[in-house]
Amino acid sequence: MRSEVLPPSGGAPALTVRHTTVADPLARPLLDELTHEYTDRYGSSSDLYGYPAAEFAPPDGAFVLLLEGGAAIAGGAFRRHESAGPPTAELKRIWTHSAHRRRGLARRVLLVLEREAAARGYARLFLTTGPRQPEAKGLYLAAGYRPLFDVRADPETIGLLPFE
């Protein structure tokens, strides 16, 4: 486990990035809230528990938390994604605690994950988000991710929304 400090950004205070594991007790409040959110939006949170924790650990994966005052306020992960073509990381579980939204934290998590994936030799990033997560869709479009679906279509008719 290692930590680093992210400098202040756009009026936001400096944050600590904790490179850790899914089992870190600091992650539990974020994952609990994400479970609740998925259940509210989709009726299930099974996607959160469909992957072994080891997939989000080095050397092929990563799990990071943004800490403020010692508490986790945002986080995310990646794992190796098996696909034809260049080595690909799949971004997962990018989440901001509800009390800390609208501060650009998810974008900061995304930047940390992008940097870490590049340092591990990944040449491509892939991710999916659910059709009932317009905030996530907006984040990935604004961050320059290319949608692999028709953005004009009703997301409910598509299912998972893939990006690269």
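Things to note:
- Contact order for region 1-156, expressed relative to its length and based on alpha carbon pairs under 8 Å spaced 6+ residues apart, stands at 17 percent.
- At R0 = 25 Å, FRET efficiency that the Cβ-Cβ distance of THR16 and GLU55 yields, to 0.05: 0.55
- Cα lying deepest toward the dipole's positive end in the chain, options PRO86, LEU15, ALA117, charges on Cβ: LEU15
- Given +1 at the Cβ of Lys and Arg, -1 at the Cβ of Asp and Glu and no other charges, the dipole of region 1-114 around its Cα centre is 340 debye to the nearest 20.
- Per residue, the solvent-accessible area of region 14-164 (1.4 Å probe, heavy atoms of protein chains only, all protein chains present) comes to 48 Å².
- Ranked by solvent-accessible area (1.4 Å probe, protein heavy atoms only, all chains present), the residues VAL151, VAL109 order from largest to smallest as VAL151, VAL109.
- A simple charge model with +1 on the Cβ of Lys and Arg, -1 on the Cβ of Asp and Glu and nothing else charged puts the dipole of region 104-164 at about 240 debye relative to its Cα centre.
- Options PHE56, ALA77, HIS97, ranked by Cα towards positive dipole end of region 45-109, top entry (Cβ charges): HIS97
- Ligands, DNA and RNA left out, the accessible area of region 1-92 computed with a 1.4 Å probe is 58% carbon and sulfur.
- Model label sites at ARG132 and ASP32, defined 7 Å from Cα along the beta-carbon direction, differ in position by 2.2 nm.
- The calculated FRET efficiency for ARG41 paired with ALA123, based on their beta-carbon distance and R0 = 35 Å, is about 0.60.
- Quarter the surface of the alpha carbon convex hull of the chain and you get the mean projected area, 9.6 square nanometres.
- Calculated mean residue ellipticity at 222 nm for the chain: -8000 deg cm²/dmol, from DSSP H runs with n ≥ 4 weighted as -39500 (n - 2.57), summed, divided by the residue count and rounded to 500.
The values are calculated or read from the model by the stated rules, or taken from the named source; none is laboratory data. Here the structure is a predicted model, which is why all the values come from computation and not from measurement. No Cβ is skipped: glycine too gets one built from the backbone with ideal geometry, and neighbour counts run over all protein chains shown. Just the protein is used for accessible areas: all its heavy atoms, side chains included, with ligands, DNA and RNA removed. Shrake-Rupley method; radii C 1.70, N 1.55, O 1.52, S 1.80 Å.
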